[in-house]
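Undergrad: First the structure, then my questions, so here it is.
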Amino acid sequence: MKKITKQTYLDWYKDMLFWRKFEDKLASVYIQQKVRGFLHLYNGQEAILAGALHAMDLTKDKMITAYRNHVQPIGMGEDPKKVMAELYGKVTGTSKGMGGSMHIFSKEFRFYGGHGIVGGQIPLGAGLAFGDKYNNTGGVTLTCFGDGAARQGSLHEAFNLAMLWKLPVIFICENNGYAMGTSVDRTANHDDIWKLGLGYEMPCGPVDAMNPIKVAEAIDEALDRARRGDGPTFLEMKTYRYRGHSMSDAQHYRTKDEVEEYKKIDPITQVKDIILEKKYATVEELAATDKEVKAMVKECEQFAEDSPYPETQQMYDMVYEQEDYPFIS
């Protein structure tokens, strides 16, 4: 794995803080009804993306996930202004405003959504990996899903074929404890989701996903296995989300004290503490980073605000038409 250096920590701090503040802004404009539909935020889970990106080869590796999907394409290289514009439904968005919050895509940067069907992306991730193996690209697909999606039958079908064909895929369960609003211990007779891999003799295990270092190490090992041709890995990333499942979630299933307890191991705070302890930066320098991040978020907001909505004609341009279709007279 690439060495974790002073610059790594500084980048992690800036990136995770930007992702957090970017989504805080989305929450704010959602209340103002500038962003419509559903909005599922990643607050608290940023160490998974930060650690994964450190281990990945962004020139060939891919990522696919569910609808908690705003910051991943940014991490992969997409312009955050375009991501925010997509949430606003503006023509300058990643899908020209046609996808919205739950369907962010960036083919250019190998981010394949953004899927609204719970667990629907799991076999799609295996399919992307099949393509990489067939074409011998050397790429690996990180397929992310929540603890609720781990109960879907599609997971077992994808696991079975991924092992049978030794596909270069890493299955990542981002276990934030509650699926939509039901705790993990109420959905199965065991709490260790990673053990689902044992039935397929798939290498698997739990990861402390509030720590980007632990995430990077686990992903790096899985990437090596996949690139050797030894097939998939299943990792249960034990994490936590500070906000509800979506903006409409009243969160009656947990206490405020529980949320505050998890904030004591916030990934951003953990990285900040190491930076200060190792004297990688001063308090004043980190404050300057905070100010820079705030300006970046403001720039994204302004870009989205100033961008136009799509013309009505675009709706028709997005529909496939075959002029010589033979089955309609």
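Undergrad: Are any residues in segment 35-54 over 26 Å from E236 (Cα atoms) and open to solvent by less than 20 Å² (accessible area, probe 1.4 Å), and if so, which ones?
TA: Matches in segment 35-54: V35 only.
Undergrad: Separate question: Give G75, G93, G97 a once-over and let me know the one that is over 21 Å from A222 (Cβ atoms), open to solvent by less than 30 Å² (accessible area, probe 1.4 Å), touching a Phe, Trp or Tyr at 6+ places or on another chain (Cβ under 8 Å) and not β-branched (V, I, T).
TA: Step by step, each of G75, G93, G97 is checked, and only G97 is over 21 Å from A222 (Cβ atoms), open to solvent by less than 30 Å² (accessible area, probe 1.4 Å), touching a Phe, Trp or Tyr at 6+ places or on another chain (Cβ under 8 Å) and not β-branched (V, I, T).
Undergrad: Quick one: what pairs do we get from segment 141-169, first residue under 13 Å from G197 (Cβ atoms), second among the polar types (S, T, N, Q) and at pLDDT 95 or above, C-beta under 6 Å, 6+ apart or different chains?
TA: Cβ pairs passing all conditions: V169/T141; V169/T143.
Undergrad: Kindly list, by first and then second residue, each pair from a residue in segment 248-274 that is assigned to a helix (DSSP H, G or I) to a residue that is among the acidic types (D, E), limited to pairs with Cβ atoms under 8 Å and residues at least 6 apart or on different chains.
TA: So the pair list comes out as P267/E46; I268/E46.
Undergrad: Then there is this: Just for segment 156-208: of the residues that are over 15 Å from G127 (Cβ atoms) and among the aromatic types (F, W, Y), which one is surrounded by the most Cβ atoms within 10 Å (Cβ to Cβ)?
TA: Y178
Undergrad: Quick test for you: out of A162, A188, A126, pick the one residue that is touching a helix residue (DSSP H, G or I) at 6+ places or on another chain (Cβ under 9 Å), of a type in the set (A, V, I, L, M) and modelled with pLDDT under 95. Quick ask: steps written out before the conclusion?
TA: Working: A162 fails: modelled with pLDDT under 95; A126 fails: modelled with pLDDT under 95.
The match here is A188.
Undergrad: Restricting the first residue to segment 89-101 and requiring it to be more than 15 Å from D79 (Cα to Cα), which pairs with a second residue that is charged (D, E, K, R) and open to solvent by 20 Å² or more (accessible area, probe 1.4 Å) meet a Cβ separation below 8 Å and a spacing of at least six or different chains?
TA: What qualifies is G89/R36; G100/R36.
Undergrad: Could you tell me whether L161 is under 16 Å from F234 (Cα atoms), in contact with a Lys or Arg (Cβ under 9 Å, 6 or more places away or on another chain) and either part of a helix (DSSP H, G or I) or not small (G, A, S) (or both)?
TA: No; evaluated as a whole, the condition is false for this residue.
Undergrad: Another question, then. Taking F171 as meeting all but one of (1) within 30 Å of S248 (Cα to Cα); (2) among the hydrophobic types (A, V, I, L, M, F, W, C); (3) part of a helix (DSSP H, G or I), write down the number of the exception.
TA: Only one criterion is unmet by F171, namely (3).
Undergrad: Then there is this: Which of the residues belonging to segment 106-121 are closer than 20 Å to G37 by Cα, surrounded by fewer than 19 Cβ atoms within 10 Å (Cβ to Cβ) and not β-branched (V, I, T)?
TA: Once the filter is applied, which keeps residues that are closer than 20 Å to G37 by Cα, surrounded by fewer than 19 Cβ atoms within 10 Å (Cβ to Cβ) and not β-branched (V, I, T), segment 106-121 yields G116, G120.
Undergrad: Q313 is checked against (1) of a type in the set (S, T, N, Q); (2) in a helix (DSSP H, G or I); (3) open to solvent by 60 Å² or more (accessible area, probe 1.4 Å); (4) in contact (Cβ under 8 Å) with a residue 60 or more places away in the chain and fails just one. What number does that condition carry?
TA: Tallying (1) of a type in the set (S, T, N, Q); (2) in a helix (DSSP H, G or I); (3) open to solvent by 60 Å² or more (accessible area, probe 1.4 Å); (4) in contact (Cβ under 8 Å) with a residue 60 or more places away in the chain, Q313 fails exactly one: (4).
Undergrad: What's the total number of residues in segment 178-205 that are under 24 Å from the mean Cα position of the chain (by Cα) and either in a loop (DSSP other than H, G, I, E, B) or closer than 21 Å to R254 by Cβ (or both)?
TA: 14
Undergrad: In this structure, does Y240 turn out to be within 23 Å of G51 (Cα to Cα), outside any loop (DSSP other than H, G, I, E, B) and among the hydroxyl-bearing types (S, T, Y)?
TA: Against the criterion (within 23 Å of G51 (Cα to Cα), outside any loop (DSSP other than H, G, I, E, B) and among the hydroxyl-bearing types (S, T, Y)), Y240 does not qualify.
Undergrad: Additional query: Restricting the search to segment 1-34, which residues are open to solvent by 40 Å² or more (accessible area, probe 1.4 Å) and of a type in the set (K, R)?
TA: The answer is K2, K3, K6, K14, K21, K25, K34.
Undergrad: Mind listing whichever residues of segment 271-297 are out of contact with any helix residue (DSSP H, G or I) (no Cβ under 8 Å at 6 or more places or on another chain) and either farther than 30 Å from I4 by Cα or open to solvent by 70 Å² or more (accessible area, probe 1.4 Å) (or both)?
TA: Those that are out of contact with any helix residue (DSSP H, G or I) (no Cβ under 8 Å at 6 or more places or on another chain) and either farther than 30 Å from I4 by Cα or open to solvent by 70 Å² or more (accessible area, probe 1.4 Å) (or both): D273, E277, K279, E284, E285, K291.
Undergrad: Does D57 fit the bill of being assigned to a helix (DSSP H, G or I) and either open to solvent by 40 Å² or more (accessible area, probe 1.4 Å) or modelled with pLDDT under 95 (or both)?
TA: no
Undergrad: Keeping to segment 211-234, report how many residues are buried (at least 23 other Cβ atoms within 10 Å of the Cβ), closer than 30 Å to K263 by Cα and touching a Pro at 6+ places or on another chain (Cβ under 8 Å).
TA: 4
The values are calculated or read from the model by the stated rules, or taken from the named source; none is laboratory data. In this text the structure is predicted, and so the values were computed from the model without any measurement. Because the Cβ atoms are built from the backbone with ideal geometry, glycine has one as well, and the counts that use them run over all protein chains shown. Note: areas computed on protein heavy atoms with side chains; ligands, DNA, RNA excluded. Shrake-Rupley method; radii C 1.70, N 1.55, O 1.52, S 1.80 Å.
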